[in-house]
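The values are calculated or read from the model by the stated rules, or taken from the named source; none is laboratory data. All figures in this text were calculated on a predicted structure; none of them were measured in a lab. Quick reminder, even Gly has a Cβ in these numbers, built from the backbone with ideal geometry, and neighbours come from all protein chains shown. Note: accessible area is taken over every heavy atom of the protein model, side chains too, but ligands, DNA and RNA are not part of it. Shrake-Rupley method; radii C 1.70, N 1.55, O 1.52, S 1.80 Å.
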Amino acid sequence: QVQLVESGGGLAQAGGSLRLSCAASGSIFRPYVMGWYRQVPEKQRELVARIYSGGSTNYADSVKGRFTISRENAKNTLYLQMNNLKPEDTAVYYCKLSKGGMEYWGQGTLVTVSS
């Protein structure tokens, strides 16, 4: 089993920054993919960014150049540095780990960006 715990959400002003963290524990073996997703009420959860075991990354077009995903393998921790935040970034952000055909989700952390 894998457990994921997000932290770092909160309130930020437009143009500000926040850093999300996702601590993973349990049976974590490479290869795996980790990512950040977000969801607003009445909309589908969408990919924000993901990072592969080899270090390659993907970003949603809406966050390119503003968000950076990274991973600290020694601590089994995933990060999302969010800069130049916009009100439309307001959402619940979820961490996901995918491996061996399985998907594990964290409980989510709320990010609210005020204009």
The chain - charge dipole about Cα centre, Lys and Arg +1 at Cβ, Asp and Glu -1, debye rounded to 20: 260 debye
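Taking 2.2 N^0.38 Å as the expected size of a compact globular protein, what ratio does the Cα radius of gyration of the range 68-115 give against it, to two decimals? Write down the numbers at each step before the final one.
Details: Rg = 13.0 Å, N = 48, 2.2 N^0.38 = 9.6 Å.
This ratio for the range 68-115 stands at 1.36.
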Nearby aspartates and glutamates by direct alpha-carbon distance to Lys99 (threshold 20 angstrom, same-chain neighbours under 8 apart not counted): Glu6, Glu46, Glu72
Positive minus negative residues near Gln1 (Lys, Arg vs Asp, Glu; Cβ under 14 Å): 0
Farthest toward positive dipole pole in the chain [+1 Lys/Arg, -1 Asp/Glu at C-beta], among Ser56, Ser17, Leu4: Ser56
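Sequence gap at least 6, Cα distance under 8 Å: using those rules, report the relative contact order of the chain to the nearest whole percent. List each step's numbers first, then the result.
Details: 278 pairs, mean separation 42.4, N = 115.
Dividing the mean separation by the residue count of the chain yields 37 percent.
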Cα pair count fraction exceeding 18 Å, expressed as % - the range 1-64: 50 percent
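What part of the accessible area of the chain, given as a whole %, is carbon or sulfur when the probe is 1.4 angstrom?
Values: 2980 of 6170 Å².
On the chain, the fraction of accessible area on carbon and sulfur atoms equals 48 percent.
Can you list, largest first and rounded to whole Å, the semi-axes you get for the chain by taking the square root of 5 times each eigenvalue of its Cα gyration tensor? Can you show the working numbers first?
Numbers: eigenvalues 109, 39, 33 Å².
Semi-axes, largest first: 23, 14, 13 Å.
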Per residue accessible area in Å² of the chain, where ligands, DNA and RNA are left out and the probe is 1.4 Å: 54 Å²
Separation of alpha-carbon centers, the range 77-115 and the range 26-71, rounded to whole Å: 8 Å
